[in-house]
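Written below as structure tokens is the structure these notes are about.
Derivation of every value follows stated rules applied to the coordinates shown; laboratory data play no part. Not measured: the values here are computed from a predicted model. Quick reminder, even Gly has a Cβ in these numbers, built from the backbone with ideal geometry, and neighbours come from all protein chains shown.
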Amino acid sequence: MSEYLSDKPKKLIIKDKNGNIKNYQEFEHNNNGDPIYYKKVENERTTVELTYEYEYDEIGRKKVTKIADLITDNITIMEYEY
């Protein structure tokens, strides 16, 4: 993991060999470097859009990750055990 958040990509553009954009993806991260937002756009249509929420323990380890799919309204919860 990069120690500098400025090193985290904010946008990734996928092109074919002719330079045509196939899709692009946008990212946002929190101060811990964990993703808090992800979006994928294909043919000018958002196909994936996710938000992430985290709970951390007293020493900064992830306890819970909640992923909300803004397209399907599904929620995924991941719990971590150490």
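Within segment 11-82, list the GluC sites (Glu not before Pro) lying in a DSSP loop whose Cβ has at most 14 other Cβ atoms in a 10 Å radius.
Counting only loop positions with at most 14 other Cβ atoms within 10 Å, the GluC sites (Glu not before Pro) in segment 11-82 are 44, 58, 81.
In segment 1-80, which chymotrypsin sites (Phe, Trp or Tyr not before Pro) fall in coil by DSSP and have 16 or fewer other Cβ atoms within 10 Å?
4, 80
Consider the candidate values [x] 28, 17, 8; [y] 35, 18, 10; [z] 18, 15, 12; state which one is semi-axes √(5λ) of the Cα gyration tensor in Å computed from the structure displayed.
Computing semi-axes √(5λ) of the Cα gyration tensor in Å and matching it to [x] 28, 17, 8; [y] 35, 18, 10; [z] 18, 15, 12 gives [x].
Can you tell me which lysines have their Cα less than 16 Å from the Cα of residue 11? Leave out same-chain residues fewer than eight positions away.
List returned: 22, 39, 40.
So what's the net charge close to residue 42: Lys and Arg +1, Asp and Glu -1, counting the other residues with Cβ under 14 Å from its Cβ?
Summing Lys/Arg as +1 and Asp/Glu as -1 gives +1.
Using Cα pairs under 8 angstrom and six or more residues apart, how large is the relative contact order of the chain, in percent?
16 percent
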